Structures are given as structure tokens and as C-alpha cells.
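Here's the structure we're looking at; comments come further down.
The values are calculated or read from the model by the stated rules, or taken from the named source; none is laboratory data. None of the values given here were measured: they were computed from a predicted structure. Glycine also receives a Cβ, built like all others from the backbone with ideal geometry; neighbour counts cover every protein chain displayed.
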Amino acid sequence: MDKILIELILTNQCNKRCEYCDLDFQNTVFSNENILNLDNFIKNNPAEYTINFFWWEPLLQFEKLQKVVKTLWNKIKKFTIGTNGVMLNQEYLEYFKNNNIFIYLSVDNISCWKDLNLELISKFAEIIQVNFINDPNFLFNSLSTFEKVLDFWFQNIAFMPVFSTKKWEKSQLWELLKIYQTIKNISNNIQLNTYGYFNWVAIEKQFILDTDGNFYQDLDSLLWLQKQYSQLNPSLKQEINTQTKLLNISELNISLELLLKKYNIEEILKLVFEIPKQSWHFMDYKIIDKILENGTQKR
Ligand code: SF4
């Protein structure tokens, strides 16, 4: 059976405005009609599906998230969510635990946990991976923030540098190397992963399902990520869009077979490698991957 990952975007809004974020914020939301369309699609196209509620802040649409889970419950192998955690409260955390939904919690070296209820969240550490995001301009905060993560007994942590929106100076790359080595040395009892750019974690066939019901082919959202950024010139954004946009969930003839037929991994890989070359930080990405190479699983 095919393994399919759907990155479902519930909303284009967020309750934060992080320095390294360059997303457009709008008030579009995944519709109830599209939940039914997705339900029909999955019913008619059996596969091993994972749904990840991802991009912007899915907890702003918590009721809709519950509706998706309730509607698709017995047809989906696994649900996961990526969140900034600001809205995580007892009710939400219990809901995720009771429904076996794994949480990817973003924590950066800028706000240093100030906006999170760590006491509470850490009680649910077994269903959480902390995605520890490192902005090059705030590396002086990285070690103290990481130690705080350890103090609260989180066991799953992923070390992530900021790509795309920030330029890494040479001295900052050196600093990143030192920080990562220190973190590895103090992380004996935890599962420490890393997210590089070119060396990424093995995954299923991946589709992004946007709020308007359009399916896009992608790989760890790398192309989706790039096309959000204002530094990328419009013709490259257009190229990514044209090459990745497939079908809309409301189309009558939509099927998994058709989506898979259109899923073109060579095209995706070509763009994943070419876009940073044509735009900006290709060498930075290479160096960062080298720094992280022992911790990153290769495809
Ligand atoms: S939490 Fe995520 S989506 Fe929201 S502003 Fe920060 S980086 Fe952007």
C-alpha cells in the first residue's frame, strides 16, 4: 500500500510574527466542504495516510482540526501537528494525547520559551518533539534555551537552523558548529535529530493540501517553503507553483492514482537543488548540512 503524507493547511493566519518568518498572512481557512471532499477522496483511494496539520498556526482552527480528525479517524494511520505552542492548554494537550496525535512544537532561540506554559506542556513530553529553531542573529541565546529544554525533560528534540530568510555570516556558521557540538555532548539521554537542507529525513510521498483545496507535490515542504519568501524572484516562485500544483480536492476526476502519476520526484529534486543556486544561500546550506551531517538521516 502507498504511504502518503498530506500536509494539511487549516489556516493562513498565525498568532505570532517571528523575525525569521516571511509568510503571507491571510484569513483563509480550509472549508467544511473540503473536509467532506477529503473524506470522499480517502474513502475512494485506500492507502496508508498520515495527516500533518502544518504551516501557519493550526491551533487557531482547533474546532476544525477536531472535525477533520473525527471525520477521518478510522481511515488515517497517523495524525500529527506542527504548532508554535502558544495556545496549548490542558484541554488541547489532553485531546492530542487521547487521540494519539504527535506534536511538533516550535521553540526558537529568540523568544526563549517566554510565551509557552512549559510547566504544563512538559507533562505531555512523551507526545512532543521540540523543534529547536536557531536564528543566526540570536545564537548567543541558543545554549541557555537548549538547557531549559533539557531541564523540562523533553526527550525528543530536533536541532534546526533557520534557512531561507536569514543570511548566515561566516562567523555565525562557526558559532553554529560550536553550539551543535556542545549540544550533542550534553544530549546523552535524548533523541536528538537535525534538519538540514539537502540531507533530509526519509519520508512517504508528500502532498501539501492548501486551504483552497489545491494539492501540491513536495518534499519536506522545501519548495513550499522557498516560494513563500520575498527574496525569491517572482519568476522562480511562478516556476515552483507551475511545477508543483496538481489537482484540486473538489475535482470530480481526482484520484490518488492520478496524483501519483503526476508526482514527479525528479522534477521536485531538480527544483530543490536549483532554486537555492539561482536565488541566494546555496553555499550556506551546504555548510550547514556539513555541520549537521552526523545527526541527519539521509535518504
Ligand atoms: S509561528 Fe510559524 S507561522 Fe507563525 S510567525 Fe512564527 S514562523 Fe511564522
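Tell me the residue from L219, L246, L269 that is under 25 Å from E33 (Cβ atoms) and modelled with pLDDT of 85 or more, please.
L246
Name the strands (runs of 3 or more DSSP E) wholly inside the stretch 139-214 in which the number of residues that are of a type in the set (S, T, N, Q) and farther than 30 Å from Q26 by Cβ is 3 or more.
191-194
Quick one: how many residues across the stretch 227-243 are touching a residue at least 60 places away in the same chain (Cβ under 8 Å) and closer than 28 Å to N37 by Cβ?
The number of residues fulfilling the criteria is 1.
Any residue at all in the stretch 245-256 that's farther than 20 Å from K205 by Cβ and either touching a residue at least 24 places away in the same chain (Cβ under 8 Å) or touching a Pro at 6+ places or on another chain (Cβ under 6 Å) (or both)?
yes
Of the residues in the stretch 76-118, how many are under 17 Å from F62 (Cβ atoms) and of a type in the set (K, R)?
1
Of the numbered conditions (1) in contact with a Leu (Cβ under 7 Å, 6 or more places away or on another chain); (2) crowded, with 17+ Cβ neighbours inside 10 Å, Q90 satisfies every one except a single condition; which is it?
Unmet condition: (2).
Name the pairs: first residue in the stretch 69-93 and on the phi > 0 side of the Ramachandran plot, second residue in a loop (DSSP other than H, G, I, E, B), Cβ to Cβ under 6 Å, at least 6 apart or on different chains?
G85/L116
State the number of residues belonging to the stretch 7-36 that are loosely packed, with under 14 Cβ neighbours inside 10 Å, more than 13 Å from the ligand (Cβ to nearest atom) and of a type outside the set (D, E).
Total meeting the criteria: 3.
Pairs, please: C-beta under 8 Å, at least 6 apart or cross-chain, first residue under 30 Å from D2 (Cβ atoms) and aromatic (F, W, Y) and in the stretch 51-64, second modelled with pLDDT under 95 and not in a loop (DSSP other than H, G, I, E, B)?
Correct list of pairs: W55/W224.
Return the residues of the stretch 125-146 that are in contact with a Phe, Trp or Tyr (Cβ under 9 Å, 6 or more places away or on another chain) and of a type in the set (F, W, Y); say none if nothing qualifies.
F132, F146
Taking the stretch 8-39 only, how many residues are in contact (Cβ under 8 Å) with a residue 12 or more places away in the chain and closer than 27 Å to K167 by Cα?
14
Give me a count of the residues in the stretch 37-58 that are assigned to a helix (DSSP H, G or I) and within 16 Å of the ligand (Cβ to nearest atom).
1
Could you figure out which of (1) within 16 Å of the ligand (Cβ to nearest atom); (2) under 26 Å from T145 (Cβ atoms) isn't true of L93?
(1)
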